[in-house]
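Structure first, commentary second.
Values in this text are rule-based calculations from the coordinates and carry no lab data. Because the structure is predicted, anything quoted here is derived from the model rather than measured. With ideal geometry, Cβ positions are generated from the backbone for all residues, glycine too; neighbour counts draw on all protein chains shown.
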Amino acid sequence: MTEKRKRFHPGENAPASGVYTVYHLAHAAPHHVTVLYGDAFPQCLSCGNGVRFELIHAGLYVRAHPLFESEKLI
């Protein structure tokens, strides 16, 4: 059984940082982009609100990880 993943619409906020597959209406092949947690998914310049985003690999942004926090000022 294959798992059906949620596809996100332009204007929705990314639920996780990671690599997303982008699906366009017909003018472009699917491709990958990196999106950070909380970023709003953008419209496509060609297909507008017809574009969809699907999370394929979540990953924590390096500055959000406790072992790589920004240096503290002394």
Checklist entry - Scanning the range 36-57 for residues that are of a type outside the set (G, A, S) and farther than 12 Å from P10 by Cβ, which turns out surrounded by the most Cβ atoms within 10 Å (Cβ to Cβ)? => result L55
Checklist entry - Taking the range 13-57, which residues are over 13 Å from the mean Cα position of the chain (by Cα) and in a strand (DSSP E or B)? => result C44, G48
Checklist outcome for this item: Within the range 1-12, of all residues that are in a loop (DSSP other than H, G, I, E, B) and in contact (Cβ under 8 Å) with a residue 24 or more places away in the chain, the one surrounded by the most Cβ atoms within 10 Å (Cβ to Cβ) is P10
